[in-house]
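Engineer: Before I ask anything, let me first share the structure, which is written out below as structure tokens.
The values are calculated or read from the model by the stated rules, or taken from the named source; none is laboratory data. Note that the structure is predicted; figures quoted are calculated from it, not measured. Using ideal geometry, Cβ is built from the backbone for each residue, glycine included, and neighbour counts are taken over all protein chains shown. Ligands, DNA and RNA are excluded from the accessible area calculation, which covers all protein heavy atoms including side chains. Shrake-Rupley method; radii C 1.70, N 1.55, O 1.52, S 1.80 Å.
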Amino acid sequence: MDGVVDAAGNLDRSRTEFYVPNEFVLSLSERYTNLLFGSSINPYRPDSVARLDWAAAHGARLVKWLPSIQLIDPADERLAPFYRRMAELHLPLLVHTGSEHSFTWEQPEFADPERLKLPLSLGVTVIAAHTAWPGRHGGKRDVDRLARLMTQYPNLYADISSLTQINKLGALREVLRRPEFHHRLVYGTDFPLINIPIVSPWYFPRDLRISQMWRISRIKNPWDRDVALKQSLGVPAEVFTRAEKLLP
């Protein structure tokens with residue numbers, strides 16, 4: 001998770017609440033072979049393309065952004081060279097969309113799905129985190145704005161992370177039934193939030209039997225429990241394997 005950068009392109013620690021260097025994540029992926037290296041590069045760094053090449057050379061599978069916190073405007077034309085290099089390297093962009101409530105502040109306009117048109121038009125595979133749920137821009141729900149983009153760009157996908165949280169009840173049910181999202185959804189967990197009480201099978205009495213809720217709640221491993229919950233809620237098998245096709 002790269003941080004905010006200042007006008008000179010250097011890390012701005014005064015405005016950065018959360019920073020995890022790529023080198024640290026790479027060291028963990030080299031130590032634990034069941035981890036993949038996901039990089040995060042603020043494109044406003046003057047050496048951002050060189051950092052992108054370094055990440056790809058060291059096995060990065062994607063680039064992760066949280067624009068409203070990193071103060072990245074995905075629609076900024078100055079980022080075009082960065083996007084073109086991403087497309088050449090076949091590195092997907094996993095980007096937060098919709099409102100953000102895990103930090104003390106945000107720049108909400110940068111999380112508008114409509115701002116993803118530039119990387120999409122330049123051939124970048126984009127995975128919109130959380131299917132842009134929740135959030136509103138231009139007087140419309142972000143999930144509706146994202147759905148409209150799905151019909152325009154075949155290289156646009158969305159992950160289902162966080163959609164089982166208690167503050168998003170009904171979100172997963174909606175995106176599963178909407179045709180715009182068919183064959184475009186990718187499994188995600190939003191870990192570590194799946195391991196705290198905002199996610200529970202007991203929040204779905206309309207969708208699950210008591211026996212199902214009881215069985216899922218007794219699964220100790222949080223990832224296994226998350227998979228079992230989403231499977232029981234009707235997430236198709238292809239959603240759990242689509243990342244294998246998207247990640248280089």
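Engineer: Scan the stretch 59-84 and report the pairs whose first residue is more than 16 Å from Val4 (Cα to Cα) and whose second residue is modelled with pLDDT of 95 or more and of a type in the set (S, T, N, Q), with Cβ atoms within less than 7 Å and a gap of 6+ or a chain change.
Structural biologist: Ala60/Ser39; Phe82/Ser48
Engineer: Test each condition in (1) open to solvent by 30 Å² or more (accessible area, probe 1.4 Å); (2) closer than 23 Å to Ile160 by Cβ; (3) at pLDDT 95 or above for Leu89 and report the one that comes out false.
Structural biologist: It fails just one condition, (2).
Engineer: Take the residues in the stretch 1-40 that are assigned to a loop (DSSP other than H, G, I, E, B) and among the β-branched types (Val, Ile, Thr); name whichever of them is least open to solvent (accessible area, probe 1.4 Å). Don't jump to the end; show me each part of the working.
Structural biologist: Going residue by residue through the stretch 1-40, those that are assigned to a loop (DSSP other than H, G, I, E, B) are 1-4, 6-10, 12-21, 32-37, 40.
Among the residues that remain, those that are also among the β-branched types (Val, Ile, Thr) are: 4, 16, 20, 33.
Values: Val4: 4, Thr16: 29, Val20: 37, Thr33: 130 Å².
Ranking the qualifying residues of the stretch 1-40, first place goes to Val4.
Engineer: Looking at Val49, Val25, Val20, which is the one that is of a type in the set (Val, Ile, Thr), touching a helix residue (DSSP H, G or I) at 6+ places or on another chain (Cβ under 8 Å) and more than 22 Å from Arg242 (Cβ to Cβ)? Steps first, answer last, please.
Structural biologist: Numbers: Val25 fails: touching a helix residue (DSSP H, G or I) at 6+ places or on another chain (Cβ under 8 Å); Val20 fails: touching a helix residue (DSSP H, G or I) at 6+ places or on another chain (Cβ under 8 Å).
Unique residue meeting the criteria: Val49.
Engineer: Of the residues that sit in the stretch 133-160 and are at pLDDT below 95 and under 17 Å from the mean Cα position of the chain (by Cα), which one is nearest to Arg225 (Cα to Cα)?
Structural biologist: Trp133
Engineer: Further question: Test of understanding: among Ala60, Ala75, Ala56, which residue is modelled with pLDDT of 95 or more, in a loop (DSSP other than H, G, I, E, B), over 21 Å from Ala111 (Cα atoms) and within 20 Å of the chain's Cα centre (by Cα)?
Structural biologist: On the way: Ala75 fails: over 21 Å from Ala111 (Cα atoms); Ala56 fails: in a loop (DSSP other than H, G, I, E, B).
Testing whether each residue is modelled with pLDDT of 95 or more, in a loop (DSSP other than H, G, I, E, B), over 21 Å from Ala111 (Cα atoms) and within 20 Å of the chain's Cα centre (by Cα) leaves just Ala60.
Engineer: Let me ask another. Exactly one of these conditions fails for Ala50: (1) over 25 Å from Gly188 (Cα atoms); (2) open to solvent by 80 Å² or more (accessible area, probe 1.4 Å). Give me its number.
Structural biologist: Condition (2) is where Ala50 drops out.
Engineer: If a residue must be closer than 15 Å to Val95 by Cβ, open to solvent by less than 10 Å² (accessible area, probe 1.4 Å) and free of Cβ contacts under 8 Å to residues at least 40 places away in the same chain, how many such residues does the stretch 122-151 contain?
Structural biologist: 5
Engineer: Further, regarding this structure: Just need a number here: residues in the stretch 94-109 that are buried (at least 17 other Cβ atoms within 10 Å of the Cβ) and among the hydroxyl-bearing types (Ser, Thr, Tyr).
Structural biologist: Within the stretch 94-109, the first condition is being buried (at least 17 other Cβ atoms within 10 Å of the Cβ), and the residues that meet it are 94-100, 106.
Still in the list and also among the hydroxyl-bearing types (Ser, Thr, Tyr): 97, 99.
Residues flagged as buried (at least 17 other Cβ atoms within 10 Å of the Cβ) and among the hydroxyl-bearing types (Ser, Thr, Tyr) within the stretch 94-109 amount to 2.
Engineer: Name the residue that is nearest to Val124 (Cα to Cα), counting only residues in the stretch 157-180 that are of a type in the set (Lys, Arg) and either out of contact with any Leu (no Cβ under 9 Å at 6 or more places or on another chain) or not in a helix (DSSP H, G or I) (or both).
Structural biologist: First, the residues of the stretch 157-180 that are of a type in the set (Lys, Arg): 168, 173, 177-178.
Now drop any that are not either out of contact with any Leu (no Cβ under 9 Å at 6 or more places or on another chain) or not in a helix (DSSP H, G or I) (or both), which leaves 168, 177-178.
Numbers: Lys168: 28, Arg177: 26, Arg178: 24 Å.
That would be Arg178.
Engineer: So how many residues does the stretch 44-70 have that are among the β-branched types (Val, Ile, Thr) and more than 16 Å from Ala8 (Cα to Cα)? Outline the logic, then answer.
Structural biologist: Pass one, the stretch 44-70, residues among the β-branched types (Val, Ile, Thr): 49, 63, 69.
Subset that is more than 16 Å from Ala8 (Cα to Cα): 63, 69.
Within the stretch 44-70, residues that are among the β-branched types (Val, Ile, Thr) and more than 16 Å from Ala8 (Cα to Cα) number 2.
Engineer: Also, quick follow-up: Of all residues in the stretch 205-229, how many are within 17 Å of the chain's Cα centre (by Cα) and not hydrophobic (A, V, I, L, M, F, W, C)?
Structural biologist: Number satisfying all stated conditions: 1.
Engineer: Could you grab me the full set of residues in the stretch 152-175 that are out of contact with any strand residue (DSSP E or B) (no Cβ under 9 Å at 6 or more places or on another chain), more than 16 Å from Asp190 (Cβ to Cβ) and open to solvent by less than 70 Å² (accessible area, probe 1.4 Å)?
Structural biologist: Residues of the stretch 152-175 out of contact with any strand residue (DSSP E or B) (no Cβ under 9 Å at 6 or more places or on another chain): 152, 154, 163, 167-170, 172-174.
Checking the rest, the ones that are also more than 16 Å from Asp190 (Cβ to Cβ) come to 152, 154, 170, 173-174.
Of everything in the stretch 152-175, those that are out of contact with any strand residue (DSSP E or B) (no Cβ under 9 Å at 6 or more places or on another chain), more than 16 Å from Asp190 (Cβ to Cβ) and open to solvent by less than 70 Å² (accessible area, probe 1.4 Å) turn out to be Gly170, Glu174.
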